[in-house]
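The values are calculated or read from the model by the stated rules, or taken from the named source; none is laboratory data. No experiment lies behind these values; they were computed from the predicted model shown. When we count neighbours, we look across all protein chains shown, and the Cβ atoms used for this are built from the backbone with ideal geometry, even at glycine.
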Amino acid sequence: MQITAAVAHGVKAPLTLETVEIEDPRPDEVLVRVVATGVCHTDMAMRDQELPVPPPAVLGHEGAGIVVRVGAGVTRVAPGDRVVMSFNSCGACPSCHDHIPAYCHDFFGRNFSGRRADGSSGLSWPGPGEGRVLGGNVFGQSSFATHALCPERNVVKVPATAPLEILGPLGCGVLTGAGAVMNALRVARGQSLAVFGTGAVGLSAVMAARVMGAASIIAIDLVEARLDLARELGATHVFNPGRTSVVDGIMALTGGMGVDYALDTTARLAVVGDAVRCLAPRGVCGLVGAMPFGQILPVDGGHLMSGGRSVRGIVEGDADPHQFIPALIDLYLAGQFPFDRLITFYPLAEINQAIHDAEAGRTVKPVLRMPGW
Ligand SMILES: NC(=O)c1ccc[n+]([C@@H]2O[C@H](COP(=O)([O-])OP(=O)(O)OC[C@H]3O[C@@H](n4cnc5c(N)ncnc54)[C@H](O)[C@@H]3O)[C@@H](O)[C@H]2O)c1
Ligand SMILES: [Zn+2]
Ligand SMILES: [Zn+2]
């Protein structure tokens, strides 16, 4: 079958809309008609080879859509079901067994290789001949396209009462920020959290901290409009490091004690250093910003050791998407988690503009609508 997809060609190169051939689903796969898909900062990191998905490839990993066809062995979903596509995992390793598939032992292979586990791709340029294979299966979906081929594990059925066109970001960015707070750090009522970087991930963390009843929710960003939105979504204090010393500000705010938790979403080493410096004794700093391998953190070992402080990496909010995405939808429908406030819609044809606006800090979470939706 032929579909329209946005093809990534390499570092900083514009994505091009092209006609692409997509295979029929294999026995354990599902073909989804994409309704809308979010753009996550990680898509830019993949395009720019910081997370090296070999080009040419179809990126996109926050898709929502309707199942159109299923492989013979599929039992979880049926044609007509509404689904959110999330990250991919093997289903067989110790982490998958423990329902923490974000730490799947084959996470990189299953999400960033642009290939299925057997080395094949479901996408190619139409026509005969070699050299026409396109990278697909990115996060088990490659949803910058009108249709996506997904492993059954990768799709989460969602209720018809929820607006499908906004749900895609629950598959990655929103799940990551909310899960970091609710599942990984487990911020509790009355505690304090500092969120460094208030893009889609950071703002989702802010909203989740409010749901958890955190007493102090401190948001830090260089973009004033994002800090204004952070306040509206639950931040009790905001700091712009372009204007003031964040460490001094947070220490003053907490009476010299520091915060119970810090979350870095910027992936900048100096910011991580500040985040750790702000921790109270027994405080935990979570790292979600996507860092390339080889980055050595500027962390004071004495400060860490003496107060029993710790730093930990967090992937996809420690979430099991099958449990956590429906839980976030329930919170949204109950009016407690208004993640729709982060979204700006663009048609698929304006994907490069959407990416540009996100990189410029003008749009928090671009969501691309597919033609006809
Ligand atoms: N670990 C995971 O599972 C996971 C999942 C999704 C996204 N990510 C990563 O999380 C990060 C955040 O994603 P996003 O979509 O929210 O990106 P984003 O670019 O929208 O947000 C990052 C924010 O950090 C701010 N920032 C940059 N430098 C700063 C500084 N020095 N001080 C304070 N703020 C600063 C930016 O202004 C921006 O608002 C990205 O690195 C992304 O790749 C990780
Ligand atoms: Zn696994
Ligand atoms: Zn993502």
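Where helices (runs of 4 or more DSSP H) fall entirely within segment 138-235, those with at least 1 residues that are closer than 26 Å to Asp28 by Cβ, within 14 Å of ligand 3 (Cβ to nearest atom) and not basic (Lys, Arg) are at 173-179.
Selection of segment 82-121 for residues being within 16 Å of ligand 3 (Cβ to nearest atom), of a type in the set (S, T, N, Q) and farther than 19 Å from Pro56 by Cα yields Ser86, Asn88, Ser89.
Scanning segment 32-46 for residues that are under 11 Å from Ile355 (Cα atoms) and more than 8 Å from ligand 1 (Cβ to nearest atom) gives Gly38, Val39, Asp43. Among the criteria (1) touching a Lys or Arg at 6+ places or on another chain (Cβ under 9 Å); (2) outside the structural domain of Arg82 (by TED's automatic domain parsing); (3) away from ligand 2 (no atom under 16 Å from the Cβ), the one His322 does not fulfil is (3).
State all residues of segment 70-127 that are without any contact (Cβ under 8 Å) to a residue 12 or more places away in the chain and crowded, with 19+ Cβ neighbours inside 10 Å; if no residue qualifies, say none. Of everything in segment 70-127, just one residue is without any contact (Cβ under 8 Å) to a residue 12 or more places away in the chain and crowded, with 19+ Cβ neighbours inside 10 Å, namely Cys96.
Matching residues to (1) within 30 Å of Asn88 (Cα to Cα); (2) acidic (Asp, Glu):
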residue	(1), (2)
Leu170	yes, no
Gly173	yes, no
Gln191	no, no
Phe196	yes, no
Gly213	no, no
Ile218	no, no
Glu224	no, yes
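Consider Val284 carefully, then state whether it is part of a helix (DSSP H, G or I), closer than 28 Å to Ala327 by Cα and more than 16 Å from ligand 2 (Cβ to nearest atom). Judged against the criteria, Val284 is not a match.
Just one of the listed residues (Ala45, Ala36) is in contact with an Asp or Glu (Cβ under 7 Å, 6 or more places away or on another chain) and more than 16 Å from ligand 2 (Cβ to nearest atom), namely Ala36.
The criterion of at least 2 residues that are touching a Phe, Trp or Tyr at 6+ places or on another chain (Cβ under 8 Å) is met, among strands (runs of 3 or more DSSP E) falling completely within segment 300-373, by 365-369. Got at least one residue in segment 97-106 being away from ligand 1 (no atom under 15 Å from the Cβ) and not in a loop (DSSP other than H, G, I, E, B)? So far as segment 97-106 goes, yes, one or more of its residues are away from ligand 1 (no atom under 15 Å from the Cβ) and not in a loop (DSSP other than H, G, I, E, B).
Hey, can you tell me all the residues within segment 241-278 that are closer than 17 Å to Val223 by Cα and out of contact with any strand residue (DSSP E or B) (no Cβ under 9 Å at 6 or more places or on another chain)? Gly242, Arg243, Thr244 - these are the residues of segment 241-278 that are closer than 17 Å to Val223 by Cα and out of contact with any strand residue (DSSP E or B) (no Cβ under 9 Å at 6 or more places or on another chain). Restricting to segment 320-339, give me the number of residues that are closer than 20 Å to Arg231 by Cα and surrounded by 15 or more Cβ atoms within 10 Å (Cβ to Cβ). Going through segment 320-339 one residue at a time, the tally reaches 4.
With respect to (1) among the hydrophobic types (A, V, I, L, M, F, W, C); (2) within 16 Å of ligand 2 (Cβ to nearest atom); (3) farther than 25 Å from Ala349 by Cβ, the lone exception for Phe139 is condition (3). You will find that of Ser192, Ser204, the residue that is on the phi < 0 side of the Ramachandran plot, away from ligand 1 (no atom under 13 Å from the Cβ) and in the same structural domain as Val259 (by TED's automatic domain parsing) is Ser192 and no other. Residue check: Arg186 meets all listed conditions (1) basic (Lys, Arg); (2) under 30 Å from Arg110 (Cα atoms); (3) in contact (Cβ under 8 Å) with a residue 60 or more places away in the chain but one, namely (3).
Please state which of the following conditions Val133 fails to meet, knowing it meets all the rest: (1) away from ligand 2 (no atom under 15 Å from the Cβ); (2) closer than 22 Å to Gly38 by Cα. Of everything listed in (1) away from ligand 2 (no atom under 15 Å from the Cβ); (2) closer than 22 Å to Gly38 by Cα, Val133 misses just condition (2).
None of Val156, Val187, Val195, Val181 is within 15 Å of Gln323 (Cβ to Cβ) and of a type in the set (Val, Ile, Thr) except Val156. In segment 267-282, the residues that are within 13 Å of Ser245 (Cα to Cα) and assigned by TED's automatic domain parsing to the domain that holds Gly294 reach residues that are part of a helix (DSSP H, G or I) and within 13 Å of ligand 1 (Cβ to nearest atom) with C-beta atoms within less than 7 angstrom, at least six apart or across chains, in these pairs: Asp274/Val246; Asp274/Val247; Arg277/Val247; Cys278/Val247; Cys278/Ile250.
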